[in-house]
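Let me begin by presenting the structure, written as C-alpha cells, before commenting on it.
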Amino acid sequence: MKQHASLLVLGLIFAMAVPAAAQTSTKMENWREHVTAFTTKLYGQFTDGHNRRNYFWAKKLAAIDHVTLDDDVIFAAAYLHDVGSMEGWQVKDQEHGDTAAAKLDQMLAGTDFPKDKMDQVREAMRTHMFYREAGPSPEARYLHDADALDNVGTVGIAALLVYGDDKGDNPAGQKAVKILNNAAPKIEKGVVTPAGKAEMEIRIAERKAFLDQLSRETDGFKLF
C-alpha cells in the first residue's frame with residue numbers, strides 16, 4: 001500500500017514538473033521575421049532590394065518554367081546569399097557565397113528555420129554567382145539566374161550608376177561605361193534556365209539601347 005502511494009506521489013510530481021519545464025524552454029524566433037530584419041539592418045533598405053528582387057525573380061522565372069520551388073529554401077537563400085561579402089562577415093581569400101554558406105547556422109541561430117533544409121540553402125548560396133556552375137536543385141538554379149539578371153539590364157545600370165566609383169580614382173561615368181561594355185556580357189552568359197535565358201535577351205537589348213543612346217548624346221562617351 002505504501003509503495004502504491006509512493007508511486008502515485010511520484011507520478012503527480014512528474015506530471016506537474018513537465019509543464020513547468022516546457023514553460024521555461026527558449027522560444028524560437030520566427031525565422032522570416034528575423035531574416036528580413038537582419039538583412040535590412042545589414043544592407044540598408046535600398047541595397048536590400050537586391051535580395052528581395054532575387055527572391056521575386058527566382059520565383060517568377062520558376063513559375064514561367066512550371067517549376068516548383070521550396071519557398072523556405074529560396075527565401076532564405078535569396079535574402080542571405082551575399083552576407084559573406086559584408087563587413088564583419090567576410091573571410092579573407094574566401095568566396096563570399098562559400099562564406100555565407102559556412103555561416104548560415106550563425107545567421108539563423110535561435111530561429112525556427114527547418115534544420116533539414118539547411119543544406120539546400122547552402123548549396124544555393126555557394127553557386128549563386130554567374131561564374132560558378134549552378135547547383136542541381138531548382139532553388140540553386142533559379143537563384144543563380146535571378147542574381148545574374150539583377151546585375152544587368154535597366155536595374156543593373158541603375159544600381160551601377162548609383163554606386164559607381166566611390167573612391168575618386170577615375171570618373172564614375174567612364175568606369176560605368178567600361179563595366180557595361182566589358183563586364184556585363186560575361187554576366188549575361190551565365191544564365192541556365194529557359195526563363196532566365198529569355199529574360200536575359202530582354203536585358204541585353206536594354207543594355208545595348210542604353211549604351212547606344214548614351215554614346216550618341218556624349219560624343220562617343222567622351223563627355224560622360
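We did not get these values from a lab; they are worked out from the coordinates using the rules stated. Keep in mind that what you see is a predicted model, and the values were worked out from it rather than measured. When we count neighbours, we look across all protein chains shown, and the Cβ atoms used for this are built from the backbone with ideal geometry, even at glycine.
Here's the list of lysines a cross-link from Lys60 could span, going by alpha-carbon distance under 17 Å and ignoring same-chain residues fewer than 8 apart: Lys197. Taking a point 7 Å out from the Cα of Ala198 in the direction of its Cβ, the residues of the stretch 62-101 whose backbone N falls within less than 14 Å of it are 62-67.
Between the residues Val191, Ala172, Leu214, the greatest Cα displacement towards the positive end of the dipole of the stretch 170-214, with unit charges on the Cβ of Lys, Arg, Asp and Glu, is found for Ala172.
What shape does the stretch 130-224 take by its C-alpha gyration tensor, where a ≥ b ≥ c are the square roots of the eigenvalues and a/c under 1.5 counts as rounded, a/b above b/c as prolate, and the rest as oblate? Working shown, then result.
Values: a/c = 3.06, a/b = 1.89, b/c = 1.62.
The shape class here is prolate.
Cross-link check: pairs Lys103/Lys186; Lys59/Lys208; Lys41/Lys175; Lys175/Lys222; Lys186/Lys208 evaluated at a Cα-Cα cut-off of 18 Å; pairs beyond the cut-off: Lys103/Lys186; Lys59/Lys208; Lys41/Lys175.
Projected label points at Lys60 and Val162, each 7 Å from Cα along the beta carbon direction, are separated by 1.6 nanometres.
Taking 0.36 nm per residue of separation and subtracting the current Cα-Cα distance, fully stretching the chain between Lys92 and Glu133 would add 12.5 nm. Sorted on the mean count of surrounding Cβ atoms within 10 Å across their residues, most packed first, peptides 192-200, 111-119 read 192-200, 111-119. As a rough guide to protection, the peptides 69-77, 204-212, 49-57 ranked by mean Cβ packing within 10 Å, highest first, stand as 69-77, 49-57, 204-212. So what's the stretch 31-217 giving for Rg/Rh, alpha carbon basis, Kirkwood Rh from the mean inverse pair distance? A ratio of 0.98.
Out of the GluC sites (Glu not before Pro) in the stretch 96-162, which ones are loop residues according to DSSP with at most 16 other C-beta atoms within 10 Å?
Glu133
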